[in-house]
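These notes are about the structure you will find just below.
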Amino acid sequence: MAKDMIPPQATVFNEPEAPYRHLTAEETAFLESNSCIADDWSAVWVKDGFNPKRVFQCRFSGIVRLGNFEGRFTLPGGIVKKAGVRYATLHNVSVGDDSCIENVHNYIANYEIGSHTYIKNVGLIYVDGETSFGNGVEVSVLNETGGREVPIHEGLSAHEAYMMTLYRHRPGLTASMNAIVKEWTGKRTSDTGSIGSDVMILNVGTIRNVRIGDCADMQGCDVLDNGTVCSNSSAPVYIGNSVTCRDFIISSGSVVDDGANLLRCFVGQACHLGRGYSATDSLFFSNCHGENGEACAIFAGPYTVTHHKSTLLIAGMFSFMNAGSGSNQSNHMYKLGPIHHGILDRGSKTASDSYILFPAHVGPFSLVMGRHVTHADTSDLPFSYLIENKGRTYLMPGVNLRSVGTIRDARKWPKRDGRKDPVRYDHINFNLLSPFTIQKMFKGRRILAGLQDVCGPVAEEYSYQGVSIRRSSLVKGLGFYETGISKFMGNSIIKRLEGMTFGSDVQIRQRLVPDTAIGGGQWVDIAGLIAPKSEVDRLMDGIESGSVSSLDAIAEAFAEMASNYYSYEWRWVYDRIEEFYGVSPERITAEDVCRIVRSWQDAVISLDRMVYEDARKEFSLSFMTASGADGTREERLQDFGQVRGDFDTNPFVTDVLEHIEKKRALGDELLSRLAPLVHNR
C-alpha cells in the first residue's frame with residue numbers, strides 16, 4: 001500500500017502504561033522476518049507473553065497496542081482459526097487479547113478493538129477526525145422539508161422522540177431538549193472508535209466513524225458510515241448482506257439484513273429491517289418489522305409492521321400498526337411541497353391497496369380500506385372502520401370492538417416482545433382498553449349523540465370531520481361504545497374491590513377512594529406509553545425550567561409514569577363513576593356495586609360473544625373455497641379441517657369461551673361477597 005494512503009497520525013493514543021511494554025529486540029526481529037514493517041517499532045506496544053508468531057505480513061504506524069494471541073475461533077463448518085493479526089495495516093489501533101484480524105484490504109485506523117473479536121476480509125475501517133458516531137444526527141421525521149427534526153442518540157425512547165416531534169408549539173421545550181442531547185452528544189464525541197469484545201466482522205466493505213458494541217455480528221454489509229451499533233451480550237445486533245447504513249443508530253437486539261438501506265434513521269430495540277427495505281429520515285422503535293417496502297420521514301412507534309414490496313409509508317406516525325400490501329399515503333398536494341403529515345393512532349391497520357391523503361388523523365384500533373382524500377379526523381371515534389364507497393369515506397364507529405382480529409392483536413403483542421436487553425427504553429402499555437381509549441369512547445358517544453340531535457334521529461347519513469356515517473352505523477356505534485365503557489369501568493371497579501369482605505357501605509366507599517390525585521384529566525398515548533397528560537406536561541415544564549436537565553432524568557420520569565399506571569388509571573375511573581353510572585362514589589352502596597357488576601358481566605359476555613361469532617366466520621363454507629382442490633365438497637371440508645382444525649377446538653375459540661366463564665365467575669364471586677350486606681338491609 002502506498003504511504004500516502006495511510007491517514008495522518010492521530011493524537012488520541014497516549015503512550016500505553018502497564019500491562020503494555022516495548023517490543024524486545026528478538027520480538028522485533030521475528031516480526032520483521034514475518035514480513036512486518038513499522039514506521040517506528042518503539043510505538044508498537046505488547047503485553048508480557050506476546051507471541052510474535054501470531055503476527056504476519058502487517059504494517060504498523062502511529063501507536064499500536066497488541067494483546068496476547070493464544071486463543072482460537074471455531075467458525076461455521078468446523079474451520080478453526082488462530083488468534084493473531086495477519087495481512088493487515090494498522091494505524092493507531094489497539095487490539096485486545098485473543099482477537100483475530102486477517103485480510104484487511106486497505107487499513108484499520110484509529111480504533112480500539114476488544115478481546116476475542118474476529119475481523120476478516122474487510123475493506124476499510126477507520127475514524128476520520130472527531131465524530132459523535134451518529135449521535136446528534138437530525139432526522140427530519142414527518143416533515144421532509146424540516147421543522148420537526150429529532151436529534152437521535154443511543155438510548156432514545158419513543159416517548160422522548162414523541163415530545164420532540166409533536167410539541168413544537170412549545171419552542172422552549174424543543175430548545176431545552178436539543179441542548180440536553182447536544183451536551184450528551186459532546187460526551188460521546190471522539191477521534192477514536194471502538195469495536196467491542198466477541199464481535200464478528202466478516203466480508204464487510206467500509207466502516208467509517210462507527211462505534212460497535214460487544215457481540216455484534218456483521219457479515220457481508222457494504223457500507224456503515226457515521227453510526228453506533230448498540231450491541232451487547234444480552235441482546236446482540238446482527239447486520240447482514242448488502243446492507244448500507246449512513247447516519248444511524250441501531251439499538252440492542254435488532255437485525256438489519258438482506259440489502260436494507262438506511263439513511264438518517266434510528267432503529268430501536270429488537271427491530272427487524274430486511275429484504276431490501278429502504279428508509280430515509282425515519283424513526284423505528286421497539287419491535288418494529290419492515291421488509292421489502294419503503295419508508296420516508298415516518299415515526300414508527302412500537303410494533304409498526306410492514307412486509308410488502310408495494311407498500312410505502314411516508315410522513316406518518318404509527319404504533320401497533322400493520323400496513324397491508326400496496327398501502328400508500330401522500331404528504332403533499334403539488335402546491336407547497338411535502339409538508340403534510342398524518343397520524344394513525346395505536347392499533348390501526350391499513351388494508352391492501354389503501355390510500356390516505358394527508359393531513360389526516362385516524363383513531364385508535366381502526367381499519368382503513370380503500371382510498372381516502374377528505375383529510376378525515378376520526379381521532380375521537382376509536383375502533384372504527386373507514387371504508388371508501390364511490391369516492392366517499394364512510395365511518396363505522398366502534399365496530400372493531402367486536403373483531404376477532406383486534407383481540408388477537410392485543411394478545412400477540414406482549415408475546416412478540418423480542419427485547420432481551422435488561423435495559424428497555426420504551427415503556428410499552430399493551431392494554432386494549434385504557435383511559436386513553438375509553439376517554440375517546442366517552443367523546444365518541446357525545447359526538448354521535450350530538451349528530452343525532454342536530455340532524456335528527458331519522459337522517460339517512462351524518463357528516464363529521466370529512467367522513468359520512470350511516471344511521472345504522474351511528475346507532476350501532478353508540479351501543480359499541482356503551483358496551484366498551486361498561487367493560488372497562490366495571491373491570492376497574494371489580495379489581496379495586498378484589499379480595500375484601502365488606503361489613504358496610506362505608507367500607508366500600510373507603511376502599512374506592514384513590515391513592516393519588518393524579519390521573520383524573522386527559523390521557524395521552526406518547527408512542528406506546530399511556531399516561532395522564534398532566535404528568536407529561538409536568539415533565540415538559542421541568543425540562544423547560546431546567547429542573548430536568550439530563551437524558552437520564554427524562555428516562556426516569558417516563559419510567560415513573562409507566563410504573564404508576566394502574567394507580568393513575570383508578571383515579572381516572574373513580575372520577576367518572578358518577579358520569580357513567582349516575583351514582584356518586586361518595587354515596588355508592590352495595591346495591592349500586594351489584595348493579596355495576598351485572599352490567600359489566602353483560603358487557604364482557606356480549607363482546608366475547610360477538611368476537612366468538614366473528615371467529616366462526618373464518619370456518620364458514622365460503623372460506624373453504626380454495627381447499628381440497630379437484631375434490632368433492634366432503635374432501636374440501638376434510639382438507640380444510642386438516643389444515644385449520646375444527647372451530648370448537650380452535651385454541652383462540654376455546655380461550656374466548658374460557659374467558660366468558662372466568663369473567664362470569666369473577667363477577668359472581670364479588671356478588672357473593674356483597675350479598676350479606678345487601679340482604680341485611
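Quick check on this structure: which one of Arg571, Arg576 is modelled with pLDDT of 95 or more, crowded, with 17+ Cβ neighbours inside 10 Å and over 30 Å from Phe299 (Cβ atoms)?
Matching residue, one of Arg571, Arg576: Arg576.
Does the stretch 87-101 contain at least one residue that is charged (D, E, K, R), over 19 Å from Asp214 (Cβ atoms), surrounded by fewer than 20 Cβ atoms within 10 Å (Cβ to Cβ) and not assigned by TED's automatic domain parsing to the domain that holds Ser194?
No.
Which members of the stretch 350-371 meet the condition of being over 24 Å from the mean Cα position of the chain (by Cα) and within 23 Å of Tyr303 (Cβ to Cβ)?
Listed by number, the residues that qualify are Asp353, Met369.
Tell me which helices (runs of 4 or more DSSP H) are completely within the stretch 519-587 and hold 3 or more residues being charged (D, E, K, R) and touching a residue at least 12 places away in the same chain (Cβ under 8 Å), or say none if there are none.
Filter on the stretch 519-587 gives 533-545.
Give me the strands (runs of 3 or more DSSP E) completely within the stretch 255-369, filtered to those with at least 2 residues that are among the hydrophobic types (A, V, I, L, M, F, W, C), within 30 Å of Tyr481 (Cα to Cα) and out of contact with any helix residue (DSSP H, G or I) (no Cβ under 7 Å at 6 or more places or on another chain), ordered by residue number.
By residue number, 316-318, 342-344, 355-357, 360-362, 367-369.
Keeping to the stretch 419-448, report how many residues are small (Gly, Ala, Ser) and either modelled with pLDDT under 95 or under 18 Å from Asp409 (Cβ atoms) (or both).
Residues meeting the conditions: 1.
Among what's in the stretch 57-86 and is in a loop (DSSP other than H, G, I, E, B) and of a type outside the set (A, V, I, L, M, F, W, C), pick the residue that is surrounded by the most Cβ atoms within 10 Å (Cβ to Cβ).
So the residue we want is Gly67.
Do you know which of the residues in the stretch 422-472 that are acidic (Asp, Glu) and assigned to a loop (DSSP other than H, G, I, E, B) is surrounded by the most Cβ atoms within 10 Å (Cβ to Cβ)?
By that ranking, first place goes to Asp426.
Could you tell me whether any residue of the stretch 336-352 is of a type in the set (A, V, I, L, M) and under 25 Å from Lys476 (Cβ atoms)?
Yes, the stretch 336-352 has at least one match.
Hey, any hits in the stretch 238-249 for a residue that's assigned by TED's automatic domain parsing to the domain that holds Met200, in contact (Cβ under 8 Å) with a residue 12 or more places away in the chain, within 24 Å of Lys412 (Cα to Cα) and in a strand (DSSP E or B)?
The answer is no; no qualifying residue exists.
Looking at Asn110, Asn106 in this structure, which one is surrounded by fewer than 22 Cβ atoms within 10 Å (Cβ to Cβ), in contact with a strand residue (DSSP E or B) (Cβ under 7 Å, 6 or more places away or on another chain) and in contact (Cβ under 8 Å) with a residue 40 or more places away in the chain?
Every option except Asn106 fails the conditions.
Taking the stretch 582-601 on its own, how many of its residues are crowded, with 21+ Cβ neighbours inside 10 Å and either under 16 Å from Asp505 (Cα atoms) or over 41 Å from the mean Cα position of the chain (by Cα) (or both)?
Of the residues in the stretch 582-601, 4 are crowded, with 21+ Cβ neighbours inside 10 Å and either under 16 Å from Asp505 (Cα atoms) or over 41 Å from the mean Cα position of the chain (by Cα) (or both).
Just wondering, is there one or more residues in the stretch 614-621 that are assigned to a helix (DSSP H, G or I), of a type in the set (Asp, Glu) and at pLDDT below 85?
yes
I want to confirm something. Restricting to the stretch 304-341 and keeping residues that are at pLDDT below 85 and among the hydrophobic types (A, V, I, L, M, F, W, C), which single residue is nearest to Ala410 (Cα to Cα)?
Ile339
Is it fair to say Gly466 is in contact with a Ser or Thr (Cβ under 9 Å, 6 or more places away or on another chain) and at positive phi?
Yes, satisfied.
The values are calculated or read from the model by the stated rules, or taken from the named source; none is laboratory data. Computed from a predicted structure; not experimentally measured. All Cβ positions, glycine included, derive from the backbone under ideal geometry; neighbour counts span all protein chains shown.
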